[in-house]
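The values are calculated or read from the model by the stated rules, or taken from the named source; none is laboratory data. Worth saying up front: this structure is predicted, and the values here are computed from it rather than measured. Cβ coordinates were reconstructed from backbone atoms using ideal geometry, including for glycine residues, and neighbour counts include every protein chain displayed.
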Amino acid sequence: MSHVNRLTIDEAEQILVRHGKTLDTLFIVVDAVNESPHRGELMACLVRLASQLENLRIIVSSTGAPDFDLTSQPFHAFEVQMEPGVVNGDIQLYLQNALDKKGSFSHGLRLEIKESILRESRGM
């Protein structure tokens, strides 16, 4: 039986503070924070890290309207809205590549798969 040790958010924060101070720049990327059941705790951690590490750069992505506000924080925060048309283009490109690798689908089935996924993704 394998045993997996997982860091808590607090433990990860302590490690990042300790070692982040030794770096010229520290980048943290959090993708799809809205999908995490711990997003409130995670965002609070990122705010604390930003207040402790001047060399920290953070990118956070979230689909839909985020349920957190960074505008009142003592650092620069920028919000970029993703347009569904742009996201659909990315999804379509990914699907094309994935279906090309499979190669065994008929043209009609490939088209039906792409249209169905694009319709259901609603730009996310």
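Observations
- Residue satisfying all of: in segment 22-52; at pLDDT below 95 and assigned to a loop (DSSP other than H, G, I, E, B); nearest to the chain's Cα centre (by Cα) among these: D31
- The set of residues from segment 97-118 being surrounded by fewer than 13 Cβ atoms within 10 Å (Cβ to Cβ), in a helix (DSSP H, G or I) and at pLDDT 80 or above comprises N97, A98, D100, K101, H107, G108, L109, L111, E112, E115, S116.
- Note on segment 40-61: residues that are touching a strand residue (DSSP E or B) at 6+ places or on another chain (Cβ under 9 Å) and among the charged types (D, E, K, R) total 1.
- Summed over segment 18-61, the residues that are among the aliphatic types (A, V, I, L, M) and loosely packed, with under 11 Cβ neighbours inside 10 Å give a count of 1.
- Boolean, S121 is within 26 Å of R39 (Cβ to Cβ) and modelled with pLDDT of 70 or more: yes
- Residue within segment 89-96 that is out of contact with any Leu (no Cβ under 6 Å at 6 or more places or on another chain), in a loop (DSSP other than H, G, I, E, B) and modelled with pLDDT under 85 present: no
- Qualifying residue in segment 80-88 (condition: buried (at least 16 other Cβ atoms within 10 Å of the Cβ) and at pLDDT 85 or above): no
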